Protein chains: 2
Amino acid sequence: MAYRALSEQEAVQYVKQLPDLFAPEAELTSREIGDGNLNLVFHIREEATGKSVVVKQALPYARVVGESWPLTLDRARIESEALRIQHKYVPDLVPKVYHYDEELALTVMEDVSDHVIMRKGLIEGNRYPLFAKQIGRFLAHTLFYTSDLGAHPYDKKALVGRFINPELCKITEDLVFTDPYEDAPTNNFNPLIKREVEAIWNNKQLKLEIAQLKYDFLTRAEALIHGDLHTGSIFVSPTSVKVIDPEFAYYGPIGFDIGAVIANLLLNYAGQHGLQPDAGKREDYREYLLATVEDVWNEFVSQFVQLWHKQAKERSAHTEGFWQGYVQRLIRDAAGFAGCKILRRVIGLAGVADLNSIADDQTRAEAERLALAIGQALILERNKVEVSTDITDIVRTVTARYYQEAVV
Amino acid sequence: MAYRALSEQEAVQYVKQLPDLFAPEAELTSREIGDGNLNLVFHIREEATGKSVVVKQALPYARVVGESWPLTLDRARIESEALRIQHKYVPDLVPKVYHYDEELALTVMEDVSDHVIMRKGLIEGNRYPLFAKQIGRFLAHTLFYTSDLGAHPYDKKALVGRFINPELCKITEDLVFTDPYEDAPTNNFNPLIKREVEAIWNNKQLKLEIAQLKYDFLTRAEALIHGDLHTGSIFVSPTSVKVIDPEFAYYGPIGFDIGAVIANLLLNYAGQHGLQPDAGKREDYREYLLATVEDVWNEFVSQFVQLWHKQAKERSAHTEGFWQGYVQRLIRDAAGFAGCKILRRVIGLAGVADLNSIADDQTRAEAERLALAIGQALILERNKVEVSTDITDIVRTVTARYYQEAVV
């Protein structure tokens, strides 16, 4: 049928006619739980059995900057295909896709709503001791097996073609790599940090590094990356992690996904300035966040290198010394991309609740200044990074200097 | 009509039914002038008017290593589309495509057979004073306008998709970047240089650099590159240059095309050892070749940077300091790729007449050893290269050392 946005009841009718999901006589409830800006998300449940699925339908626009912004429905195809590929490599970490409908730009998938959005969990001060191990595995497996290291050359190139994603890449190109670093109309920052933002706009060395990172984003077709791996795309429970929403997926630099996870842990770290009034508890939680940053990289790299040694099909991958240089470049890429992702969340169009939920403008500005200082340091000092503690050392040093100078 | 290889007479019938080429009553002669291994090439001419066209038809196999090797007919589409795009940017340097037939894997194009193959011209000791300026323009314009610098982001990504070229890329991946550096069955070298070849197989630093260059070839989608820009793909006349045969075109590293031109000039340079018995004339011609290497880079970079300043649509391209670092990386890439292309022509499956036409095995081995020494030095010393004379200095130093040690 031709595209139209479904109602809650139409979503029920839709899933009922699919084979193998519900019995024809099943009584189903339907609830739209999306934010309605980009997609409709229906939670459909059979009360009698407790069985449930999620129906996600793309809308042909994104409502941002107060106006309607047309956005390709092809992103639903990208998302469903990316979910299927990721599910193949890490089935426990990605919702299973039951059905994809191209006409309706709609995916029926496993319901993971027994998890919470990680960003929300972090804002509440919860800890997820299994998170680093699981996200490290997600990163290592999805990135290795879709890269030239782990995929057949023909398969990799076919995937590059299937994941050409110009419209969503353009959003990242503009909002992560361009607009925040000049006085662009899309920017949206706290007026109290204007001085710090202007210093960024005038920092030539910083802008040169960011231009190079953008060029890597534009040209380095290393692996099928998630493309938007912030803590709002990660669902967690005390024992489980689910990665969702890969509509930005395309062949890009591996470090971009790793950097996204690190950036969002560090945005929460900066936000703790306002989120947690008790200084002792704040320090304690920040230590947990920094340990998680280290663990995420360490888990990723240990599993990635293991896959490399055992599974790399690419003959040249086994050249002596190659993986060491490769991994060193990855952590530097990750640090640089993390920096851009931190800066853009403070200066650019789309903020994060870790900072925005700090009600007091002055306190929020203090947290945002810390985030800006961390983001810049990660970008400018990334070429000195070799191991994960080099990243957290940068954060610690910047933080210490910040509290010293600001006397907050 | 379904695919079948055309005869000379069928090729005439084919072009006669096309509009705008020949009158229905025209009397045409047809001559198959291809080498018949990969493609049929018909030269079709109307004697009465002197008007002529070339019909190039892909064969569904490549006859190499003594056996039939199936090869996608899609390469005819790639070639015709690449010719059209290149022609758009440098119309005087690329044959015009009159017609493409997908079913028959056939392209009807401008006849440039009044030119000679440059490799042949160089072997005969001819000079082409306009070559560097024209190939520099070909490189600068075709690479700039298809890159993220000069193309709209959506157009670039659409082109990446159209030029996914797995089978022909795999040939390069194997024959340029892998097989020559290990004892592979495809290799085909002069038994007299076995010691030097084995030293390459055991040179860990060299193999690490080559693995990194291969990885760049696999992942760096910088521009629509020709992909096989050796002197057999370049037609020259005293006043004109025509670049043909872009069937290896795909989105790859810009330095690969530049490196191909440099490599083939230097293969001829090495070949002069046997091609030109008169030491004075040999030195003189070698100086011409080195000057041409410098001019090719200098012309490319001056035109590329001019386009960058005047035409770059990508906002971040205008970041202070960005183009300088970019161009420095390009010349290093070019030096490294040139090195690989030299080594593979000596060790690997497909040799070049600049060396192979030296009849005496011993003399040819001497020229080949010089080529191997130059290729290795370009790869190992590429990170010191900043300007074009750094490349030619490497060649001069290697040559001087070679003649000193060999006492040839």
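Yes/no per residue for (1) of a type outside the set (A, V, I, L, M); (2) within 25 Å of the chain's Cα centre (by Cα); (3) closer than 22 Å to A:L206 by Cα:
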site	(1), (2), (3)
A:L349	no, yes, yes
A:L372	no, yes, yes
A:T397	yes, no, yes
A:Y403	yes, no, no
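Let me spell it out: the conditions are (1) more than 14 Å from chain B (Cβ to nearest Cβ); (2) open to solvent by 50 Å² or more (accessible area, probe 1.4 Å); (3) closer than 30 Å to B:E173 by Cα; (4) not acidic (D, E), and A:V301 meets all of them except one. Which number is the exception?
(2)
Please work out if A:R282 is open to solvent by 10 Å² or more (accessible area, probe 1.4 Å) and of a type in the set (K, R).
On the way: open to solvent by 10 Å² or more (accessible area, probe 1.4 Å): yes; of a type in the set (K, R): yes.
For A:R282, the condition - open to solvent by 10 Å² or more (accessible area, probe 1.4 Å) and of a type in the set (K, R) - is met.
Would you pick out the residues in segment A:172-184 that are within 11 Å of another protein chain (Cβ to nearest Cβ), in a helix (DSSP H, G or I) and within 17 Å of the chain's Cα centre (by Cα)? Break it down into steps so the answer makes sense when it comes.
Pass one, segment A:172-184, residues within 11 Å of another protein chain (Cβ to nearest Cβ): A:172-174, A:177-179, A:181-182, A:184.
So of that shortlist, the ones also in a helix (DSSP H, G or I) come out as A:172-174, A:179, A:181.
A:T172, A:E173, A:D174 - these are the residues of segment A:172-184 that are within 11 Å of another protein chain (Cβ to nearest Cβ), in a helix (DSSP H, G or I) and within 17 Å of the chain's Cα centre (by Cα).
Can you go through B:I164, B:I210 and tell me which one is closer than 21 Å to B:L349 by Cβ and either open to solvent by less than 10 Å² (accessible area, probe 1.4 Å) or within 8 Å of another protein chain (Cβ to nearest Cβ) (or both)?
Numbers: B:I164 fails: closer than 21 Å to B:L349 by Cβ.
It is B:I210.
Please identify the pairs in which a residue from segment A:290-306 that is among the β-branched types (V, I, T) has its Cβ atom under 6 Å from the Cβ atom of a residue that is at pLDDT below 95 and surrounded by fewer than 22 Cβ atoms within 10 Å (Cβ to Cβ), counting only partners at least 6 apart or on another chain.
As it stands, the answer is none, since no pair meets every condition given.
A:A291 fails exactly one of the following numbered conditions: (1) part of a helix (DSSP H, G or I); (2) aliphatic (A, V, I, L, M); (3) touching a helix residue (DSSP H, G or I) at 6+ places or on another chain (Cβ under 7 Å); (4) more than 14 Å from chain B (Cβ to nearest Cβ). What is the number of that condition?
If we test A:A291 against (1) part of a helix (DSSP H, G or I); (2) aliphatic (A, V, I, L, M); (3) touching a helix residue (DSSP H, G or I) at 6+ places or on another chain (Cβ under 7 Å); (4) more than 14 Å from chain B (Cβ to nearest Cβ), just (3) comes out false.
Residues that are modelled with pLDDT under 95, at least 3 per element: which helices (runs of 4 or more DSSP H) completely within segment B:332-408 meet that?
Working: elements: B:353-356, B:361-380, B:388-406.
Hits in segment B:332-408: B:388-406.
Which one is nearest to A:F256 (Cα to Cα) among residues in segment A:213-222 that are more than 9 Å from chain B (Cβ to nearest Cβ) and among the hydrophobic types (A, V, I, L, M, F, W, C)?
Of segment A:213-222, the ones more than 9 Å from chain B (Cβ to nearest Cβ) are A:213, A:216-217.
Remaining after also requiring among the hydrophobic types (A, V, I, L, M, F, W, C): A:213, A:217.
Values: A:L213: 10, A:F217: 8 Å.
The residue in question is A:F217.
Touching a Pro at 6+ places or on another chain (Cβ under 8 Å) and of a type in the set (K, R) - does that describe any residue in segment A:94-102?
Restricting attention to segment A:94-102, the residues satisfying the condition of being touching a Pro at 6+ places or on another chain (Cβ under 8 Å) are none.
Looking for residues that are touching a Pro at 6+ places or on another chain (Cβ under 8 Å) and of a type in the set (K, R), one finds none in segment A:94-102, hence no.
Whether any residue in segment A:9-28 is in a strand (DSSP E or B) and modelled with pLDDT of 95 or more is what I want to check.
Narrowing segment A:9-28 to residues in a strand (DSSP E or B): A:28.
Next, only the ones that are modelled with pLDDT of 95 or more stay: A:28.
Within segment A:9-28, one or more residues are in a strand (DSSP E or B) and modelled with pLDDT of 95 or more.
Only one of these is farther than 30 Å from A:R127 by Cα, of a type in the set (A, V, I, L, M, F, W, C), out of contact with any Pro (no Cβ under 7 Å at 6 or more places or on another chain) and at pLDDT 95 or above: A:L229, A:L206. Name it. Don't jump to the end; show me each part of the working.
Numbers: A:L229 fails: farther than 30 Å from A:R127 by Cα.
Among A:L229, A:L206, only A:L206 is farther than 30 Å from A:R127 by Cα, of a type in the set (A, V, I, L, M, F, W, C), out of contact with any Pro (no Cβ under 7 Å at 6 or more places or on another chain) and at pLDDT 95 or above.
Restricting segment A:119-154 to residues that are away from chain B (no Cβ under 14 Å) and not in a helix (DSSP H, G or I), which is surrounded by the most Cβ atoms within 10 Å (Cβ to Cβ)?
Filtering first and then ranking leaves A:Y128.
From the list B:K204, B:K194, B:K157, pick out the single residue that is surrounded by fewer than 15 Cβ atoms within 10 Å (Cβ to Cβ) and facing chain A (nearest Cβ under 8 Å).
Values: B:K194 fails: facing chain A (nearest Cβ under 8 Å); B:K157 fails: surrounded by fewer than 15 Cβ atoms within 10 Å (Cβ to Cβ).
After ruling out the rest, the residue left standing is B:K204.
Could you give every pair whose Cβ atoms fall below 6 Å, whose first residue belongs to segment B:140-159 and is charged (D, E, K, R), and whose second residue is at pLDDT below 95 and open to solvent by 10 Å² or more (accessible area, probe 1.4 Å), counting only separations of at least 6 or pairs across chains?
That search, which allows pairs on different chains as well, returns B:D148/B:E314.
Is it true that some residue in segment A:300-311 is at negative phi, part of a helix (DSSP H, G or I) and touching a Ser or Thr at 6+ places or on another chain (Cβ under 7 Å)?
Initial filter on segment A:300-311 (at negative phi): A:300-311.
Pick out the ones that are also part of a helix (DSSP H, G or I) and you get A:300-311.
Applying the additional criterion that residues be touching a Ser or Thr at 6+ places or on another chain (Cβ under 7 Å) yields none.
Scanning segment A:300-311, I find no residue that is at negative phi, part of a helix (DSSP H, G or I) and touching a Ser or Thr at 6+ places or on another chain (Cβ under 7 Å), so the answer is no.
Do we have any residue at all in segment B:252-274 that's under 17 Å from B:I171 (Cβ atoms), open to solvent by 10 Å² or more (accessible area, probe 1.4 Å), at pLDDT 95 or above and more than 14 Å from chain A (Cβ to nearest Cβ)?
no
The values are calculated or read from the model by the stated rules, or taken from the named source; none is laboratory data. Not measured: the values here are computed from a predicted model. All Cβ positions, glycine included, derive from the backbone under ideal geometry; neighbour counts span all protein chains shown. Side chains included, ligands, DNA and RNA excluded: accessible areas come from the protein's heavy atoms. Shrake-Rupley method; radii C 1.70, N 1.55, O 1.52, S 1.80 Å.
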